[in-house]
Amino acid sequence: MDNSTWIAVASIFTAGITIGIGSVGTGLGQGRAVALALSSLAQQPDASGTITRTLFVGLAMIESLAIDCFCVSMILIFANPFWTHVIAQAAGK
Amino acid sequence: MNITPDQHVFWRHGWVNLNETIVITWLMMLGMAIAAKLMTGRLRTEGSVSRWQAALEIIVTMITSQLEAVGLNHARKYLPFLGTLFLFVALSCLGSAIPGFHPPTSSLSTTAALAGCVFVSVPLFGIQDQGLWRYLKTYSEPTIIMLPFNIIGEFSRTLALAMRLFGNMMSGTLIVAILITITPLLFPVVMTALGLLTGMVQAYIFFILAAVYIAAATRPRTRDTPNG
């Protein structure tokens, strides 16, 4: 296999693995956050405004980890610098 | 395939290029300014108010109450900046209901600019509120060892603000674009609706995080007394 094939295989494989592993951690973290928020809502319903707002802020923080992984996957698929270099070389030949 | 509206360039001259992001942002700014001017044409404090004034009052009171709940004293002072932040991001998400509209926040340039505004505004409001020396001393709280971590934290949370908004908006539009090539009409519509929901949530989160950062920089600090 020549270089361009290696680059393509590595990019595609890494893109899939990145988003897969990224979403596992995020799912576990957000599930735990929401579970604790629900139990504290059940204990103190009159603080629901604060709890809900803090829950959303916390969820956004955890979500940003998954979004970082998603952006890396998108870059590897759509804006891959190594692949554009290979294409430019192939077009120049 | 275009993942951001940056790649669609209308006009280029040297290094200046007019891409779709800039055009749509300026159109939105024009639209929001004209709408605000028209809606606040004849404000009344008593009697029957027009429905536009009532709508604006609802929006302003809701934003102010959220700012006060976060812990910002003198919420009115920060209302113009934070309220405009929320309205811009919310409208740029809601606009994806209009065909042919690509949200400017799905481009990293716009979200980086908005996060840069928040990054500049936090020390600005902090120094305005507390004075330069007391604000700089907050970077060494709780101990001086935390100084590099606090500084790095400032940069990293600005970066996270930009990435979070960009990732959410870009993924929403990208998924709809990909689904259109696979199963037209049903799933793209559902995903657009989901994109509207997540966009509004992200607008609220951007606004609340900016408010929390400013509140952390301007919160009143108790004076240390010898007896604690």
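Quick note: the coordinates plus some simple rules give every number you see, no bench work behind them. From a predicted model like this one, the values you see are computed outputs, not experimental measurements. So basically every Cβ, Gly included, is an ideal-geometry build from the backbone, and we count neighbours across all protein chains shown.
Rg over Rh for segment B:82-194 works out to 1.16, using Cα positions for both radii and the Kirkwood form for Rh.
Quick note on segment B:30-93: its Rg to Rh ratio, both from C-alpha atoms and Rh being the Kirkwood radius, is 0.99.
For B:F155 and B:L186 in one chain, what is 0.36 nm times their gap in residues minus the Cα-Cα distance, to one decimal in nm?
Working: separation 31, 0.36 × 31 = 11.16 nm, distance 4.15 nm.
Taking 0.36 nm per residue and subtracting the Cα distance, the gain is 7.0 nm.
Every Cα-Cα pair in segment B:162-206 was counted, and those over 17 Å apart are 31% of them. Going from the fewest other Cβ atoms within 10 Å to the most, the residues A:L65, A:L41, B:L185, B:L43 appear in the order B:L185, B:L43, A:L41, A:L65.
Principal axis analysis of the Cα atoms in segment B:15-129 yields extents of 52, 38, 22 Å, listed in decreasing size.
Once the gyration tensor of the Cα atoms in segment B:139-228 is diagonalised, the equivalent ellipsoid follows with semi-axes of 43, 14, 7 Å, ordered largest first.
Hey, fewest Cβ within 10 Å first, where do A:S39, A:S11 land in order? Before the final figure, lay out each step's value.
Values: A:S39 9, A:S11 17.
The most exposed by this proxy come first: A:S39, A:S11.
Give the Kirkwood hydrodynamic radius (Å, one decimal) of segment B:82-136, defined as one over the mean of 1/r across all pairs of different Cα atoms.
Details: mean 1/r = 0.0770 Å⁻¹.
Mean inverse Cα-Cα distance, inverted, gives 13.0 Å.
Within segment B:57-102, the percentage of alpha carbon pairs spaced more than 13 angstrom apart rounds to 59%.
For the protein assembly as shown, the spherically averaged projection of the C-alpha convex hull amounts to 25.2 nm². Taking every alpha-carbon pair in chain A and binning the separations at 10 Å intervals from zero gives 15, 30, 21, 15, 11, 6, 2, 0 percent. Computed over chain B with a Gaussian network model linking Cα atoms closer than 10 Å, the most mobile of B:S65, B:S156, B:S48 is B:S48. Normalised radius of gyration (Cα atoms, divided by 2.2 N^0.38 Å) for chain B: 1.20.
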